[in-house]
There are 2 protein chains.
Amino acid sequence: MANTTRSRRERPAKPALSRQWIIAETLEIIRTEGLEKATMRRVAHALDTGPASLYVYIANTAELHSAVLDELLGALPPESEGTWSERLEALLRSYADVLFAYPGLARSALLIRPTGPNAVRLYDRVLGLLLEGEVAVDRAAWGLDLLLQYVTGNAAEHSTPSPGDIDTPADDEAEMGILARALHAADPTTTPHIAEHADLVLSGEPTQRVTWAIQALIAGIAATPTPVATDIRP
Amino acid sequence: MANTTRSRRERPAKPALSRQWIIAETLEIIRTEGLEKATMRRVAHALDTGPASLYVYIANTAELHSAVLDELLGALPPESEGTWSERLEALLRSYADVLFAYPGLARSALLIRPTGPNAVRLYDRVLGLLLEGEVAVDRAAWGLDLLLQYVTGNAAEHSTPSPGDIDTPADDEAEMGILARALHAADPTTTPHIAEHADLVLSGEPTQRVTWAIQALIAGIAATPTPVATDIRP
DNA sequence: ACCTGAACACCGTTCAAGT
DNA sequence: ACCTGAACACCGTTCAAGT
């Protein structure tokens, strides 16, 4: 009886399943517990239903994660100030920030190739900025993929496998420790360059390195001719 | 390994569990059925034992996959002919080939940061070739990570999620189809650059694009100064 | 000492059956 | 028409108990 004038702090008592609602709930779980907890079963449970019900709206787990990512890409900051390359760097960094903020989603992004409307808008902005910088259109077109893949791959590599979870107390740090130990233990006979330059290989803050990498990518893209004929346009 | 004089085609009847044997069996499963089938349970089953037995030799699933990858890296071709950049390209392509040959392993490589002895040897070869090309040592040191991450990420992106399995009839192709459709359907008003250059963005054979990307990366690495002081050496 | 059966706590996905 | 209980076929990992 007395339908729905309930405490808003409590679960809103079965607010009718829908694609939007499922995505929102999934995002909430990813935010608080990480991607690996955002399972069909767990999302269904959070929505007070069984897993089978989700399949009315979402084809499978991959599509669920894909939809969440596109949702997030819709919230990228719209435009910054500066030269084309500064704006491009800022855009890519904001994309990287999204992926870092939701550890595990980068891994999804790497495998499912985002194709939602917001992803396409991101592609368009990157391509537009490269063209504004007078990068040859064929290099810009191929460079688009290279830039986004780098950022995505980098985020995937550095995002902790299980965020708020059991293992991985300070995961990326621990990971780096393992790598650092492996490099410092390098045998000077069989691996002389690593043995000599281990510190340099490991040097730099992550943000410094991402910034440098993006600059290097842009420079390389602008300077390297593709095998694709450029005389496509009249 | 472990030369038991048996019919090599039949299962060698419980050849005593060992780390090497587990890794070899896992590799075989990955080769024939894909990474996602190389579960602790399935490997244990293939070795005629229960999953608990594997934990005597291997800490967890991640370590198992990690060990398999390092095993594969030990078989990279040793040295090619040509200029330093040609040899570097060849080396990176052979690394990419390994990852492509074992779909799914690239994804692991992206997340676990290979640190085995063979991985370190690969790092050393890449770094050595960059230095041979007279790339500044700080740029070479940072570029190492950029190059390997690109190749790994690229392989991860293009490797089919489930190789010899139920879904994904021609998976990467299907994926590309989805992307192609999304780009060709781009709205000329909101995403004008993509709408105009969709074909160019999608153009080129995968190998052409990888080759171009590696060249662009090398050029960018060589040309972009890092914030790390270069006057480390006397 | 070395190994493992059995259990615990989960998964994705399907489909017959309910409302 | 829309939804879902229950089942199917799996997972990783642990630990008490066996040899």
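Please enumerate the residues belonging to segment A:107-153 that are of a type in the set (D, E, K, R) and either assigned to a helix (DSSP H, G or I) or in contact (Cβ under 8 Å) with a residue 12 or more places away in the chain (or both).
The initial filter retains those residues of segment A:107-153 that are of a type in the set (D, E, K, R), namely A:107, A:113, A:121, A:124-125, A:132, A:134, A:138-139, A:145.
Correct list: A:Arg107, A:Arg121, A:Asp124, A:Arg125, A:Glu132, A:Asp138, A:Arg139, A:Asp145.
Of all residues in segment B:69-106, how many are charged (D, E, K, R) and not in a helix (DSSP H, G or I)? Show your work before the answer.
Taking segment B:69-106 first, the residues charged (D, E, K, R) are B:70-71, B:79, B:81, B:86-87, B:89, B:93, B:97.
Now restrict to residues that are not in a helix (DSSP H, G or I): B:79, B:81.
Summing the residues that are charged (D, E, K, R) and not in a helix (DSSP H, G or I) in segment B:69-106 gives 2.
Determine whether B:Ala156 is assigned to a helix (DSSP H, G or I) and at pLDDT 85 or above. Give the derivation first.
Numbers: assigned to a helix (DSSP H, G or I): yes; at pLDDT 85 or above: no.
It is false that B:Ala156 is assigned to a helix (DSSP H, G or I) and at pLDDT 85 or above.
Name the single residue that is surrounded by the most Cβ atoms within 10 Å (Cβ to Cβ) among those in segment B:141-159 being at the interface with chain A (Cβ under 8 Å from one of its Cβ atoms), aliphatic (A, V, I, L, M) and over 14 Å from A:Leu148 (Cβ atoms).
Applying the filter and picking the extreme gives B:Ala141.
Could you grab me the full set of residues in segment A:199-208 that are on the phi < 0 side of the Ramachandran plot and buried (at least 19 other Cβ atoms within 10 Å of the Cβ)?
Scanning segment A:199-208 gives A:Leu200, A:Val201.
Just checking, how many residues over segment A:189-210 are at the interface with chain B (Cβ under 7 Å from one of its Cβ atoms) and under 28 Å from the mean Cα position of the chain (by Cα)?
Residues meeting the conditions: 6.
Examine segment A:169-178 for a residue that is part of a helix (DSSP H, G or I) and modelled with pLDDT of 95 or more, and state whether such a residue exists.
No: zero hits.
Taking into account only those residues within segment B:1-25 that are modelled with pLDDT under 90, among the charged types (D, E, K, R) and within 16 Å of DNA strand C (Cβ to nearest atom), which is farthest from B:Ala156 (Cα to Cα)?
Keep residues of segment B:1-25 that are modelled with pLDDT under 90, which gives B:1-17.
Keeping just the survivors that are among the charged types (D, E, K, R) gives B:6, B:8-11, B:14.
Those still in the list that are within 16 Å of DNA strand C (Cβ to nearest atom) too: B:11, B:14.
Working: B:Arg11: 32, B:Lys14: 35 Å.
Across segment B:1-25, the extreme among qualifying residues is B:Lys14.
Filter segment B:112-127 for residues that are crowded, with 20+ Cβ neighbours inside 10 Å and within 7 Å of chain A (Cβ to nearest Cβ) and give the result.
B:Arg113, B:Val120, B:Tyr123, B:Asp124, B:Leu127
State all residues of segment B:61-86 that are out of contact with any helix residue (DSSP H, G or I) (no Cβ under 8 Å at 6 or more places or on another chain) and surrounded by 12 or more Cβ atoms within 10 Å (Cβ to Cβ); if no residue qualifies, say none.
B:Glu63, B:Glu86
Can you name the residue in segment A:13-57 that is within 14 Å of chain B (Cβ to nearest Cβ) and assigned to a helix (DSSP H, G or I) and, of all such residues, is nearest to DNA strand D (Cβ to nearest atom)?
Restricting to residues being within 14 Å of chain B (Cβ to nearest Cβ) and assigned to a helix (DSSP H, G or I), the top hit is A:Glu36.
Confirm whether B:Thr49 is over 20 Å from the mean Cα position of the chain (by Cα) and of a type outside the set (Lys, Arg).
yes
Taking segment A:26-65 on its own, how many of its residues are more than 12 Å from DNA strand C (Cβ to nearest atom) and closer than 16 Å to A:Tyr102 by Cβ?
Summing the residues that are more than 12 Å from DNA strand C (Cβ to nearest atom) and closer than 16 Å to A:Tyr102 by Cβ in segment A:26-65 gives 5.
The values are calculated or read from the model by the stated rules, or taken from the named source; none is laboratory data. Being a predicted model, the structure only gives us computed values, none of them experimental. Heads up, the Cβs are rebuilt from the backbone with ideal geometry, glycines too, and the neighbour counts pull from every protein chain shown.
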